[in-house]
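S.K.: Below you'll find the structure I mean.
The values are calculated or read from the model by the stated rules, or taken from the named source; none is laboratory data. These numbers come from a predicted model, not from an experiment. Every residue, glycine among them, receives a Cβ derived from its backbone with ideal geometry; neighbour counts consider all protein chains shown.
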Amino acid sequence: MITVVGSINMDLVVGTERFPKQGETVLGNLHATVPGGKGANQAVAAARLGGQVGMIGAVGTDPFGDELTANLKNKGVDVSGVKRVEGPSGIANILLSEGDNRIIVVPGANHELTHEDIDNCEQAIASSDLIVMQLEIPIPSVLRTIEIAHKNHVPVILNPAPSDGFSEEFLKYEPILTPNESEAAMMFGDKWEQALEAHPNRLIVTLGRDGARYYDGERHVRVPGIRVNAVDTTGAGDTFNGALAVAMAEKMPMADAIRFANAAASLSVEKFGAQGGMPGREETMRRLQ
Ligand code: ADP
C-alpha cells in the first residue's frame with residue numbers, strides 16, 4: 001500500500017483576458033471547480049497508474065468535503081484515513097490570464113490534520129510499503145509521519161512543495177526528496193547541484209521538459225524528459241511524484257523509476273487540468289516503448 005499523507009483542495013479556477021488592477025472588477029471568460037491539492041493529486045496519479053493507494057488527510061463539513069472525498073473514492077483511493085472537520089475544506093483560488101497564473105490557497109481543513117491524527121494512523125503508516133508527502137499540511141504532522149515511517153523502515157518520498165515549509169530537520173530521516181529546480185534552489189541555495197552529491201539516490205531534482213537528475217553515488221545521472229506538445233503543465237510534478245511512488249513500491253531501479261515518472265508526467269502535460277490529465281498504466285507503458 002502507498003499511503004499519501006497530504007492536502008486535499010477544491011481548485012476554483014477563473015480565467016480572464018487580463019488580471020484586474022487593485023480595486024478593479026473585470027469580466028471573466030472561464031470558471032471551473034475541480035478537485036486538487038498536491039496530496040490528493042499525487043494519490044490519484046498513483047492510483048491511475050495501478051498503485052494501491054490510501055490517503056490520510058482532512059476535508060471540511062461543507063459540500064466540497066463530500067465532493068472531494070467522493071472524487072478520491074471514484075478514482076480508486078482508499079479514504080478511510082480522510083477525516084471530516086467542522087468548517088470549510090481547503091481551496092485554491094486560481095486566476096488564469098495572460099499565459100500566467102495567480103494562486104491563493106486557503107488551507108481550511110488541511111490545517112486541522114494534527115500530529116495526534118497522525119499518531120492515530122500509526123498502524124497504517126507503519127504497515128505501508130511507501131509514504132508520499134508534500135508540505136501543504138502542518139509541518140509538525142509531516143515530521144510526525146516521517147518519524148513513524150523511519151522507525152518502521154518505511155521509505156518516504158517527500159515532495160518539498162511549497163518549499164518555504166522545508167526544514168533541515170527532515171534530512172536526518174533521509175527521505176527521498178523531489179523538488180523542482182526553483183524549490184531545490186530555495187532549499188539548498190544556488191549551489192544545489194552540490195547537494196545532489198551529499199544525498200546520493202535521495203535527491204531527485206525535476207527539470208520540467210528536460211526530465212530529472214540525481215546522483216547515484218558514483219556519477220550524476222540525468223534522465224531526459226519526453227518531448228511533447230505541452231498544453232497545461234499544472235500537476236506535472238504531482239503526476240511525476242505519484243508515478244515515482246508506484247515505480248518505487250514495485251522496486252524498479254531508480255533510473256527506470258524516473259523514466260516511468262517522466263513518461264507519465266509527459267502524458268499529463270498534453271491534457272488540461274491536474275487530475276483530469278493523469279494517464280493510466282497502459283498509456284504510460286506505451287510511451288516508454
Ligand atoms: P513542477 O510541475 O513541480 O514545477 P517540473 O516542471 O520540474 O515540476 O515538472 C515535473 C516533471 O514533469 C518533469 O520532471 C517532467 O517529467 C514532466 N514535465 C514537465 N513539463 C514538461 C514538458 N513541457 N514536457 C514534457 N514533460 C514535462
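S.K.: Looking only at the range 102-129, which residues are under 24 Å from P35 (Cα atoms) and of a type in the set (G, A, S)?
M.R.: G108, A109
S.K.: Just one of (1) farther than 25 Å from S128 by Cα; (2) part of a helix (DSSP H, G or I) trips up P88, so point out which.
M.R.: The failed condition is (2).
S.K.: Kindly evaluate R213 against the criterion of being more than 14 Å from the ligand (Cβ to nearest atom) and either of a type outside the set (A, V, I, L, M, F, W, C) or modelled with pLDDT under 95 (or both).
M.R.: For R213, the condition - more than 14 Å from the ligand (Cβ to nearest atom) and either of a type outside the set (A, V, I, L, M, F, W, C) or modelled with pLDDT under 95 (or both) - is not met.
This table checks each residue for (1) at pLDDT 95 or above; (2) in contact with an Asp or Glu (Cβ under 9 Å, 6 or more places away or on another chain); (3) not hydrophobic (A, V, I, L, M, F, W, C).
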{"site": "G37", "(1), (2), (3)": "yes, yes, yes"}
{"site": "L49", "(1), (2), (3)": "yes, no, no"}
{"site": "P63", "(1), (2), (3)": "yes, no, yes"}
{"site": "T69", "(1), (2), (3)": "yes, no, yes"}
{"site": "D78", "(1), (2), (3)": "yes, no, yes"}
{"site": "V82", "(1), (2), (3)": "yes, no, no"}
{"site": "P88", "(1), (2), (3)": "yes, yes, yes"}
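S.K.: Which residues, counting only those in the range 265-282, are more than 8 Å from the ligand (Cβ to nearest atom), surrounded by 15 or more Cβ atoms within 10 Å (Cβ to Cβ), modelled with pLDDT of 95 or more and assigned to a helix (DSSP H, G or I)?
M.R.: L267, R281
S.K.: Kindly indicate whether R219 is more than 6 Å from the ligand (Cβ to nearest atom) and modelled with pLDDT of 95 or more.
M.R.: Here the answer is yes, as R219 does meet what is asked.
S.K.: Could you go through the range 192-202 and let me know if any residue there is at pLDDT 95 or above and over 23 Å from Y173 (Cβ atoms).
M.R.: No, the range 192-202 has no match at all.
S.K.: Still on this structure, please answer the following. Under 9 Å between Cβ atoms, at least 6 apart or on separate chains: pull out the pairs that start in the range 216-229 with a residue that is over 28 Å from Q194 (Cβ atoms) and end on any residue that is more than 8 Å from the ligand (Cβ to nearest atom) and assigned to a loop (DSSP other than H, G, I, E, B).
M.R.: Short answer, once both residue conditions are applied: V228/E270; N229/E270.
S.K.: Being under 18 Å from I8 (Cα atoms), outside any helix (DSSP H, G or I) and polar (S, T, N, Q) is the filter here; which residues of the range 123-157 pass it?
M.R.: Within the range 123-157, Q134 is the sole residue that qualifies.
S.K.: A follow-up question, please. If I filter the range 174-192 down to residues being of a type in the set (S, T, N, Q) and not in a helix (DSSP H, G or I), which single residue comes out as nearest to the ligand (Cβ to nearest atom)?
M.R.: N180
S.K.: When you go through (1) in contact (Cβ under 8 Å) with a residue 24 or more places away in the chain; (2) of a type in the set (S, T, N, Q); (3) out of contact with any helix residue (DSSP H, G or I) (no Cβ under 7 Å at 6 or more places or on another chain); (4) over 29 Å from A257 (Cα atoms) one by one for S127, which number turns out not to apply?
M.R.: Failing condition for S127: (4).
S.K.: Quick test of your reading of the structure: I204 fulfils all but one of (1) over 16 Å from the mean Cα position of the chain (by Cα); (2) within 14 Å of the ligand (Cβ to nearest atom); (3) not aromatic (F, W, Y). Name the failing condition by number.
M.R.: Just one mismatch for I204, condition (1).
S.K.: Additional query: Test A195 against the stated conditions and say whether it is under 26 Å from V53 (Cα atoms), in contact with a Gly (Cβ under 9 Å, 6 or more places away or on another chain) and assigned to a helix (DSSP H, G or I).
M.R.: Against the criterion (under 26 Å from V53 (Cα atoms), in contact with a Gly (Cβ under 9 Å, 6 or more places away or on another chain) and assigned to a helix (DSSP H, G or I)), A195 does not qualify.
Every residue, every condition in (1) over 30 Å from V231 (Cβ atoms); (2) more than 16 Å from the ligand (Cβ to nearest atom); (3) of a type in the set (S, T, Y), yes or no:
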| position | (1), (2), (3) |
| --- | --- |
| V105 | no, no, no |
| T114 | yes, yes, yes |
| P140 | yes, yes, no |
| K172 | yes, yes, no |
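S.K.: Out of the range 226-259, which residues are assigned to a helix (DSSP H, G or I), within 10 Å of the ligand (Cβ to nearest atom) and either surrounded by fewer than 24 Cβ atoms within 10 Å (Cβ to Cβ) or not polar (S, T, N, Q) (or both)?
M.R.: Of everything in the range 226-259, those that are assigned to a helix (DSSP H, G or I), within 10 Å of the ligand (Cβ to nearest atom) and either surrounded by fewer than 24 Cβ atoms within 10 Å (Cβ to Cβ) or not polar (S, T, N, Q) (or both) turn out to be A236, G237, D238, F240, A243, L244, I258, R259.
Here is a yes/no grid of residues against (1) assigned to a strand (DSSP E or B); (2) surrounded by 21 or more Cβ atoms within 10 Å (Cβ to Cβ); (3) at negative phi:
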{"position": "H31", "(1), (2), (3)": "yes, no, yes"}
{"position": "N41", "(1), (2), (3)": "no, yes, yes"}
{"position": "V44", "(1), (2), (3)": "no, yes, yes"}
{"position": "G51", "(1), (2), (3)": "no, yes, yes"}
{"position": "G54", "(1), (2), (3)": "yes, yes, yes"}
{"position": "V59", "(1), (2), (3)": "yes, yes, yes"}
{"position": "G65", "(1), (2), (3)": "no, yes, yes"}
